[in-house]
Every structure is written in C-alpha cells, then in structure tokens.
Amino acid sequence: MNLVIVESPAKAKTIKKYLGKDFEVLASYGHVRDLVPKEGAVDPSSHFAMKYQVIDRNDKHVKAITQKLKDADALYLATDPDREGEAISWHLYELLESRKKLKNKTVHRVVFNEITKKAVQDAVAHPRELSMDLVNAQQARRALDYLVGFNLSPLLWKKVRRGLSAGRVQSPALRLICERENEIEAFKAREYWTVEADTEKEAQKFSAKLTYFAGEKLSQFSIENGGRAAEVEKTLAASANGELQVVKVEKKQRKRNPAAPFTTSTLQQEASRKLGFTAQRTMRIAQQLYEGVDIGSGAVGLITYMRTDSVNLADEAVAELRDFIGEKYGEDNLPSAVRHFKTKAKNAQEAHEAIRPTSVRNVPENIARHLDKDQLKLYSLIWKRTVACQMIHATIHTVAADLSAGEGHTFRANGSTIAKPGFIQVYMEGTDDAKGGDEDEKMLPPLTEGETVKLLKIRPEQHFTEPPPRYSEASLVKALEEFGIGRPSTYASIISTLQDREYVELEKKRFYPTDVGRVVNKFLTNYFTKYVDYDFTANLEDELDAVSRGEEEWIPLLEKFWQPFKDQIDHTQENVKRSDVTQEKIDEKCPKCGEQLAKRLGRNGVFIGCTAYPDCDYTRNLNDDNTSAEPEKVGRDCPECGSELVFKQGRYGKFIGCSGYPKCRHIEPLEKPKDTGVKCPKCHKGTLMQRKSRRGKIFYSCSTYPKCDYAVWNQPIAENCPQCGWPVLTVKTTKRRGTEKVCPQQDCSFAEPYDPPPEQKQEASE
C-alpha cells in the first residue's frame with residue numbers, strides 16, 4: 001500500500017478516485033508545524049535557529065497519518081506546488097523522521113498543477129526530491145515575519161496603544177492607503193467648463209465637444225468660470241446660426257487584443273470588479289474549484305492551481321482550446337498562430353501555468369446545476385477569459401469628425417463601431433475607476449465633408465477636478481503587485497489583516513484608514529522609514545525569490561536584515577516618547593488653562609485635548625470648534641463616578657459617555673442590548689445578549705463580558721446539540737439552504753431544517 005498526503009480532505013477525495021486501491025490518500029489539513037508562539041522561536045544568535053511545534057488543531061491528523069503509515073511501503077507528499085506546499089511536505093517529513101516513523105519507507109515528492117486523472121497519475125509516476133531551496137525561502141519569509149512581529153508589535157503597545165501589531169508586508173500596504181487618503185484631503189478642487197453642441201442629422205442625435213475657439217486650441221482650464229462660458233456660448237450661437245458644417249471626417253480601423261489568461265493577481269482584481277468578490281472570497285472559491293467538484297461523474301478539479309504568476313498555457317490545453325473555438329465560434333475566430341503572453345514572474349519554479357479550466361469542454365452552462373452560485377460565477381469568469389485569450393482580435397472602426405461653427409470655432413465628435421467582435425463576443429476585461437460616457441463608444445450618423453447638420457443647442461457644462469479615488473480591492477491588489485509588496489498568494493491575507501486589526505475600513509467598496517491606522521502608519525513611516533519603503537519591501541521579496549531559485553542563501557539574507565532592524569527598535573525604544581506618536585500639537589491654546597492644544601488618539605478615535613493633561617482635563621471633539629455648545633445631557637449620572645452622562649459623537653456614530661472623560665471612561669450604547677434568556681454555554685453564569693457591532697451587525701455575547709468573551713453571530717436557542725452535546729444551538733439562514741438549526745462549534749457539522757416560531761420571525765424582521 002502507498003500513502004499519499006495532500007492538504008485538504010476535498011482534494012484527498014478527488015485524488016483517491018484517480019489512484020485506485022493501491023493508494024490511500026489522507027489530508028494534513030494545512031500546516032502541521034509552526035513556530036513556537038513565544039519569544040525566542042527564532043534565535044538570531046544561533047544562526048536563526050527556528051523552534052517548531054505541532055499545531056494543536058492538526059495533532060489528530062498527524063496521528064492518523066502516523067497510524068496509516070505503519071502499513072505503507074511508500075509515502076507520497078503531494079501538497080500544493082508552491083513554496084508553502086513544499087514547506088508543508090518538509091515539515092511533515094521532518095516530524096515523521098524525528099519520531100522514527102520512516103524506517104524502511106520510500107519517500108517521494110509529487111507535484112501537479114491540475115487535479116485531473118492524467119496529471120495526478122503522471123506526477124505519481126515521476127516523483128522528485130523535496131526542494132530545500134523552496135523550503136528555505138519559506139523558512140526565511142516566516143522568520144522575517146516573526147522577527148518583525150515579535151519586536152515591532154510590543155513597541156507599538158508602548159508607544160501607541162495596547163493590542164496593536166505590525167507586519168512586514170501589511171505595513172507598506174497600510175502606507176499606500178494612508179498616503180492616498182492624505183492626497184485626497186490635501187486636494188483642492190479647481191473649476192473648469194466644457195462646451196458641447198447637441199446636433200442632429202436625419203433624426204439621429206449626437207453631440208460634439210468644443211476643441212477650438214477663436215482660432216485657439218482649448219485646454220482643460222481655458223474656460224474657468226460660468227461668466228466666460230456664457231460669453232463663449234453667446235459667441236458660438238451667433239456664429240453658427242443654427243447649423244454646423246462638417247469640415248473633416250477621419251475614419252480609422254484599430255485592433256483590440258484579448259487580455260492574458262488569469263494569474264492570481266488578475267483573477268482577484270477581475271473578480272472584485274465584475275463579481276464584487278473580496279480577494280479572500282475569490283481564493284476560497286478558487287480552492288474549491290481546484291480541489292474538485294462532483295459534476296455528475298464524480299469529483300473533478302475544474303481549474304488549474306490558483307496561486308501562480310504565470311500567463312503560460314500548456315500545449316495540450318491550447319490545442320483543446322483551438323479545437324473548441326473552431327467548433328463553437330467558427331474557424332474565422334481563430335488566429336493563424338497560437339497567442340503567447342509574456343509573464344512578469346521571475347521565479348520559474350513557481351511560475352506554473354496560468355489559471356485555466358482543466359478542460360474547456362466543461363462549459364459553464366453544462367455544469368451549472370452542479371455548482372453553487374459563487375462557484376459558477378468564478379468558474380464562468382475563468383472559462384471565458386481563457387477561451388477569449390486564444391481568439392482573434394476585435395476590429396473596431398473609429399470615426400472622428402470636425403464640425404465648424406464659423407471661422408475659428410471647431411467642435412469634435414467621436415464615435416466607433418465594432419466591425420468584427422472577435423474575442424469580445426466571449427469576454428472583455430474590466431477597468432478600475434472607469435469614467436462613464438466614453439465618447440469613443442458612441443455611434444455617429446454617416447457624415448460627409450462639406451455638409452451641414454442641424455444645431456439643436458450649445459451646452460456649457462461646469463466641472464471640478466477630482467482627487468484620486470480611494471483604493472478598491474481590485475485597485476489595491478493592482479497597486480500591491482506594481483510595488484512588489486507581498487506576493488499574489490498573500491494579497492488576500494494582507495487585506496484581511498488590515499481590516500481585522502481595524503487599521504482600515506471598507507465603506508462602499510473603498511478603503512478608508514481609521515484613526516488608529518493613521519497613527520500606526522505615521523509612527524512606522526517616521527521611525528521605521530526604511531521598512532515601510534516600497535522599494536525595500538520589493539527588493540526583499542526579490543531576494544526571497546532568489547533563495548527559492550537556489551541563487552542566494554537564506555541565513556545571510558536574515559543576517560543582513562536583522563541587525564539594522566534591531567538597532568532601530570532599540571533606538572526608538574529609548575528616544576521616542578508616547579506623546580511624540582499619539583499627539584499632534586495644533587495652533588490653539590487651551591481655553592481652560594492656556595497651554596497648547598493637540599490632536600490626541602483616544603479610545604474612540606482622535607480628539608482635541610490639552611497637552612497639560614492630567615493637570616488640565618479640557619477636551620472636545622475633533623470637528624468641534626472652541627465655541628461649540630455644551631454637550632446634550634442624558635438626564636442621569638454615570639454609574640461609575642457620579643458625573644453627568646452626555647450624548648457624544650464618535651467614529652461609529654452617537655453614543656452615551658461620561659462628562660468626566662478622560663478621567664472616567666464609562667460609555668454606553670444608545671440602544672440597550674436585548675436579553676435572549678439563553679444561558680452562556682461557556683461560563684454558565686451570564687446570559688446571551690443581542691448587541692450591535694460597531695458596523696451595525698447584530699451579534700450575541702455573554703452579559704458578563706469582559707469576564708466571559710463568548711459570542712456568536714447567529715441567534716442562539718437553548719437546545720443541546722444532538723451530535724456533540726453543546727448546550728446551545730443557533731438559527732442560521734442562507735439563500736442556498738434556507739433556515740436551519742446549526743451547532744456553533746467549529747468541529748461539529750450538525751445542521752437541520754428549522755421553522756422558527758412567530759415571535760422569532762418577528763424579531764428577525766425588525
């Protein structure tokens with residue numbers, strides 16, 4: 001018997017089907033070992049020796065592998081074909097070797113880019129050795145992240161606020177978002193006007209934009225105010241006398257080529273733009289499609305590996321694509337030669353194929369009934385992009401017409417028609433922050449030089465210059481890639497980490513830095529400038545890639561990084577005061593004591609406070625001026641100190657707080673939490689209360705918080721789980737499965753249909 005180890009049970013199930021009875025397939029459930037979660041796990045004084053331990057939640061899976069290995073002749077390590085996958089295989093090998101479980105066992109490393117019968121069987125037939133270059137690159141990355149986190153995070157606790165943390169790649173990403181916000185705040189809008197002519201020919205209306213006035217070519221700011229726009233309008237109306245003359249018609253033909261097949265980065269960008277998926281959601285669904293979905297004939301991997309920088313396609317995949325395109329769309333939609341795309345990837349070992357369907361014959365419409373809604377959306381996106389990349393270009397006819405409104409006055413009308421759609425009939429790439437009303441997409445009537453067209457109206461329009469847009473998920477991923485911050489496989493975790501730490505917020509699909517995020521960024525850019533520098537971060541990633549290619553050693557890389565970084569930590573520790581970081585003096589004196597006022601970071605964000613604190617307790621909201629009215633009183637006293645309670649405005653809206661702040665920090669929500677009456681299953685003392693999160697989402701937590709931190713998102717009911725015995729179940733409603741009773745315990749899969757009583761339905765609708 002041969003034992004095969006993969007990362008997930010879904011993948012194990014699919015692969016088992018391809019390998020037959022002589023093979024047993026088990027899952028490691030991701031990493032089996034990680035660094036000891038305490039100081040000293042990486043020891044710079046001992047050549048960066050790393051102390052690993054078995055991850056608690058995966059210990060039972062390691063034991064299952066060990067037990068099954070007793071009866072096996074050979075061990076096949078078949079984890080993912082990248083740095084991370086190589087490291088998982090190595091950790092498992094090291095663990096089994098240290099426990100003396102590999103005696104008389106042959107160990108193979110097998111990799112495949114797609115989970116199909118042919119790919120899996122070929123990989124098993126042609127195994128290789130573990131690549132220590134890839135393993136060491138991953139070890140170096142993990143060591144760097146540990147050294148930064150375990151040394152910089154405690155410093156943030158001391159200099160900014162307890163509970164904060166910093167990361168090697170998250171910090172430059174935060175800098176991007178903060179710098180964009182600074183640009184927006186510093187931006188001063190500038191007024192400008194355009195003048196358009198609404199015209200008509202043979203009942204077809206079209207518009208043209210003024211490009212020349214009085215013989216001078218117009219720039220963006222040639223007309224800067226309404227008065228001047230009115231003068232121009234009056235002059236043009238008198239000169240045109242109700243008609244415009246066509247003086248020039250230019251017709252051109254241009255080609256538009258299809259986009260390359262997906263890489264990890266472009267897939268995340270396009271899924272964000274077209275489907276509204278977060279990077280994390282995209283990768284989760286892509287993982288499901290890669291590992292295998294039952295499409296009627298058993299589980300099959302539907303796409304190739306989704307962590308890749310490559311835009312290359314296998315020869316057999318291209319051959320299948322060309323056959324399919326010829327059959328479905330006609331031979332005239334096939335280019336004479338295969339399309340090849342240039343990859344940006346430097347690391348050939350990790351540059352597998354682009355993300356593509358394992359077989360183009362799995363047409364989305366034909367397998368739709370086997371996929372859930374999200375799987376179908378993402379698979380369709382990948383399928384269409386892959387098919388389109390091997391089709392002919394689109395042929396577009398463009399027309400540009402100059403129309404005269406008298407001597408020296410010229411309007412220009414632009415339009416286009418698609419002469420031959422080519423790849424566009426299947427797929428067209430989206431764009432970030434696209435402006436509406438692209439004139440090139442407008443249709444124009446047939447125009448001939450020398451003819452006149454009817455002038456309906458001259459229309460001046462006011463505009464203001466706009467600041468750069470805040471980052472969306474798509475544009476942030478694009479920026480991370482352009483700056484070389486992280487790698488495509490890490491973009492999702494970078495973004496989710498920034499949100500989890502509450503350094504940034506996503507509002508209307510745009511990232512805003514929080515007050516805490518801006519203070520942390522200011523601290524890092526002021527005192528750790530080098531380590532949040534985009535070039536430094538990118539060069540470090542390149543060096544890690546060089547390690548994975550065997551071109552550099554990993555220990556010297558760590559040594560070069562560590563000592564200057566440690567020196568900067570020590571210097572900042574000794575020479576920077578907390579007030580240097582959390583306070584920013586403003587040009588205003590305290591009305592109470594006459595000392596300087598400053599912007600200060602508090603529990604609920606930035607506020608104005610006296611620098612003489614605690615001797616002077618003067619404070620006010622950031623957006624209030626010193627003449628603002630007294631805060632509105634609630635009408636009762638603070639239960640902690642006896643001062644009056646007042647209504648306050650915070651980052652997340654209105655709340656009740658103590659007038660004695662900052663000496664007393666008592667706060668209350670405007671709405672008191674509702675008691676569900678369900679006893680807390682963790683402490684057995686409190687009951688679960690219905691509350692609202694900062695972002696307005698309902699959750700349920702123990703009434704004794706912070707003594708007990710038990711919380712669930714779904715409504716609890718006082719029933720024991722029939723599967724694991726947990727004393728509480730929750731009511732969960734999804735579009736796919738409807739309303740169910742489910743166990744909130746992660747390790748328990750209990751779920752059954754549930755029809756809530758009328759009072760619960762009423763509560764849910766409120």
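Considering only residues of the stretch 466-487 that are in contact with a Ser or Thr (Cβ under 7 Å, 6 or more places away or on another chain) and assigned to a loop (DSSP other than H, G, I, E, B), which is nearest to Thr282 (Cα to Cα)?
Among those that are in contact with a Ser or Thr (Cβ under 7 Å, 6 or more places away or on another chain) and assigned to a loop (DSSP other than H, G, I, E, B), it is Ser472.
So in the stretch 729-747, with the set limited to residues that are part of a loop (DSSP other than H, G, I, E, B) and surrounded by 15 or more Cβ atoms within 10 Å (Cβ to Cβ), which one is farthest from the chain's Cα centre (by Cα)?
Looking at residues that are part of a loop (DSSP other than H, G, I, E, B) and surrounded by 15 or more Cβ atoms within 10 Å (Cβ to Cβ), I get Cys743.
Looking at Thr490, Thr448, which one is hydroxyl-bearing (Ser, Thr, Tyr), part of a helix (DSSP H, G or I) and out of contact with any Leu (no Cβ under 8 Å at 6 or more places or on another chain)?
Thr490
It is to be established whether one or more residues within the stretch 252-274 are of a type in the set (D, E, K, R), out of contact with any strand residue (DSSP E or B) (no Cβ under 7 Å at 6 or more places or on another chain) and either surrounded by fewer than 18 Cβ atoms within 10 Å (Cβ to Cβ) or assigned by TED's automatic domain parsing to the domain that holds Ala400 (or both).
yes
Could you list, in sequence order, the residues of the stretch 69-85 that are within 35 Å of the chain's Cα centre (by Cα) and either more than 30 Å from Asn151 (Cα to Cα) or among the basic types (Lys, Arg) (or both)?
The answer is Tyr76, Leu77, Ala78, Thr79, Asp80, Pro81, Arg83.
How many of the residues in the stretch 291-317 are crowded, with 18+ Cβ neighbours inside 10 Å and either at negative phi or free of Cβ contacts under 8 Å to residues at least 60 places away in the same chain (or both)?
18
All but one of (1) small (Gly, Ala, Ser); (2) assigned to a loop (DSSP other than H, G, I, E, B); (3) out of contact with any Ser or Thr (no Cβ under 6 Å at 6 or more places or on another chain) hold for Ser310, so report the exception by its number.
Tallying (1) small (Gly, Ala, Ser); (2) assigned to a loop (DSSP other than H, G, I, E, B); (3) out of contact with any Ser or Thr (no Cβ under 6 Å at 6 or more places or on another chain), Ser310 fails exactly one: (3).
Could you please find all residues in the stretch 349-380 being touching a Leu at 6+ places or on another chain (Cβ under 8 Å) and among the polar types (S, T, N, Q)?
Once the filter is applied, which keeps residues that are touching a Leu at 6+ places or on another chain (Cβ under 8 Å) and among the polar types (S, T, N, Q), the stretch 349-380 yields Gln349, Thr358, Asn362, Gln375.
Out of Tyr212, Tyr192, report the one residue that is of a type in the set (Ser, Thr, Tyr) and either in the same structural domain as Gly602 (by TED's automatic domain parsing) or touching a Phe, Trp or Tyr at 6+ places or on another chain (Cβ under 7 Å) (or both).
It is Tyr192.
Return yes when Ala189 is surrounded by fewer than 22 Cβ atoms within 10 Å (Cβ to Cβ) and free of Cβ contacts under 8 Å to residues at least 24 places away in the same chain and no when it is not.
no
Report the residue count in the stretch 648-658 for those that are surrounded by fewer than 18 Cβ atoms within 10 Å (Cβ to Cβ) and at pLDDT 85 or above.
The total comes to 1.
Arg109 passes all but one of (1) crowded, with 20+ Cβ neighbours inside 10 Å; (2) touching a residue at least 40 places away in the same chain (Cβ under 8 Å); which number fails?
Condition not satisfied by Arg109: (2).
Looking only at the stretch 10-61, how many residues end up being within 32 Å of the chain's Cα centre (by Cα) and among the charged types (D, E, K, R)?
Selection size over the stretch 10-61: 10.
Could you pull out every one of the strands (runs of 3 or more DSSP E) wholly within the stretch 571-618 that has 3 or more residues that are among the hydrophobic types (A, V, I, L, M, F, W, C) and at pLDDT 85 or above?
605-610
When you scan the stretch 40-80, how many residues do you find that are in contact with an Asp or Glu (Cβ under 8 Å, 6 or more places away or on another chain), in a loop (DSSP other than H, G, I, E, B) and closer than 21 Å to Ile15 by Cα?
Selection size over the stretch 40-80: 3.
Quickly run through the stretch 397-425 and pick out the residues that are touching a Phe, Trp or Tyr at 6+ places or on another chain (Cβ under 7 Å) and either among the β-branched types (Val, Ile, Thr) or not assigned by TED's automatic domain parsing to the domain that holds Thr199 (or both).
Thr410
With the condition kept exactly as written, say whether any residue in the stretch 186-204 is closer than 25 Å to Thr452 by Cα, small (Gly, Ala, Ser) and modelled with pLDDT under 95.
Yes, the stretch 186-204 has at least one match.
In the stretch 415-425, is there at least one residue being of a type outside the set (A, V, I, L, M, F, W, C), at pLDDT 85 or above, part of a loop (DSSP other than H, G, I, E, B) and within 36 Å of the chain's Cα centre (by Cα)?
Taking every residue of the stretch 415-425 in turn, at least one turns out to be of a type outside the set (A, V, I, L, M, F, W, C), at pLDDT 85 or above, part of a loop (DSSP other than H, G, I, E, B) and within 36 Å of the chain's Cα centre (by Cα).
Please tell me if Val519 is among the β-branched types (Val, Ile, Thr) and not assigned by TED's automatic domain parsing to the domain that holds Asn182.
For Val519, the condition - among the β-branched types (Val, Ile, Thr) and not assigned by TED's automatic domain parsing to the domain that holds Asn182 - is not met.
More than 32 Å from the chain's Cα centre (by Cα), of a type in the set (S, T, N, Q) and surrounded by 13 or more Cβ atoms within 10 Å (Cβ to Cβ): does that describe Thr66?
yes
The values are calculated or read from the model by the stated rules, or taken from the named source; none is laboratory data. What you see is a predicted model, and the numbers here were worked out from it, not measured in a lab. Cβ sites come from the backbone with ideal geometry, for glycine too, and all protein chains shown count toward neighbours.
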